[in-house]
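Single-structure report; data block below.
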């Protein structure tokens, strides 16, 4: 935790001291809910990053284009 984050936590905890028990419990519930959402969101983003390649072209045409676009020089291959 950085110094700035620690300072924010201390400042908020000082503010919470004046709240009622019910208000503190409500804050705890909302914090817990936000943590669960954040975890689900990160997991969803991770698994969505493995999406398939979408194209209307047939696979053979895509492969052909990729192979035609390859340009190698002898210098690049260190032969």
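Considering (1) modelled with pLDDT of 75 or more; (2) in a helix (DSSP H, G or I), the lone condition that residue 39 does not fulfil carries the number (1). Test residue 46 against the stated conditions and say whether it is within 18 Å of the chain's Cα centre (by Cα), modelled with pLDDT under 90, surrounded by fewer than 10 Cβ atoms within 10 Å (Cβ to Cβ) and assigned to a helix (DSSP H, G or I). Yes.
Matching residues to (1) assigned to a helix (DSSP H, G or I); (2) modelled with pLDDT of 75 or more:
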| site | (1), (2) |
| --- | --- |
| 19 | no, yes |
| 22 | yes, yes |
| 25 | yes, yes |
| 29 | yes, yes |
| 53 | no, no |
| 61 | yes, yes |
| 64 | yes, yes |
| 79 | no, no |
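The values are calculated or read from the model by the stated rules, or taken from the named source; none is laboratory data. Here the structure is a predicted model, which means the values were calculated and not measured. No Cβ is skipped: glycine too gets one built from the backbone with ideal geometry, and neighbour counts run over all protein chains shown.
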